[in-house]
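Working notes for the structure below.
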Ligand code: DX5
Ligand code: ZN
């Protein structure tokens, strides 16, 4: 079993003091910081871009896990690398047949890469790019907003992708994103996810260390 890592989604943080929020969440036990980049086109919301990430970078050495929910992601990956991302994930739905080349381009810039699929995209969509990936990200909500309800129909897909990763023999993290809380975290772990994104569940709690510990240990 791989070690469970908790990746708070910083979309739910207070943007007026983002640097402090970064420091605080790391000191309360976050393993990676999940950074949701939205362009208002691929998804129906706009969040932040490379400058925002660059200015957060000095506040921590923790891993910056940049989730690009943007069209034509290949146009911007060098900027997200320069801003300080340690891993960049791109959507199959945004890349189509350019997915493999985009993953290779991310790798060639010296950071880790991963492919993301939406709740209604089958696991087969990422089968031929698995070997390029350091991480696979499965969405358990439709991307765009924090605070949505977990779509439990993705659970069998987590197990399916877990088996694909096992059979491929490469060390690939399996991340789950959207609607994770105390009630469903055990289910996603049991299905095989080892990187757990949580936004609203963590940021609505006063005691962040406690909720992060609970999500790790439940
Ligand atoms: C959704 C984002 C998620 C989201 C998670 O588009 O990719 O990372 O912010 O937030 P919660 O945990 O509140 O669903
Ligand atoms: Zn995300």
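Odds and ends about this structure:
- Identity of the residue in region 1-29, in contact with a helix residue (DSSP H, G or I) (Cβ under 6 Å, 6 or more places away or on another chain) and more than 14 Å from ligand 2 (Cβ to nearest atom), that ends up farthest from residue 94 (Cα to Cα): 28
- Selected residue (criterion: farthest from ligand 1 (Cβ to nearest atom)) from residues of region 189-207 that are surrounded by 18 or more Cβ atoms within 10 Å (Cβ to Cβ) and assigned to a helix (DSSP H, G or I): 191
- Count of residues meeting criterion [within 15 Å of residue 57 (Cβ to Cβ) and free of Cβ contacts under 8 Å to residues at least 60 places away in the same chain] in region 11-30: 7
- Scan of region 72-91 for residues that are under 17 Å from residue 137 (Cα atoms), more than 13 Å from ligand 2 (Cβ to nearest atom) and either assigned to a helix (DSSP H, G or I) or in contact with a helix residue (DSSP H, G or I) (Cβ under 6 Å, 6 or more places away or on another chain) (or both), ordered by number: 73
- Pairs with Cβ under 6 Å, 6+ apart, first in region 138-164 and under 14 Å from residue 201 (Cα atoms), second within 16 Å of ligand 1 (Cβ to nearest atom) and part of a helix (DSSP H, G or I): 146/11; 146/12; 146/200; 147/200
- Residues of region 155-181 that are farther than 14 Å from residue 117 by Cα, outside any strand (DSSP E or B) and either within 16 Å of ligand 2 (Cβ to nearest atom) or out of contact with any helix residue (DSSP H, G or I) (no Cβ under 8 Å at 6 or more places or on another chain) (or both): 163, 166, 167, 169, 171, 179, 180, 181.
Bear in mind these aren't lab numbers, they're just calculated from the coordinates by the rules spelled out. Fair warning: this is a prediction, and the values are worked out from it, not measured in the lab. Glycine gets a Cβ as well: all are built from the backbone with ideal geometry, and neighbour counts include every protein chain shown.
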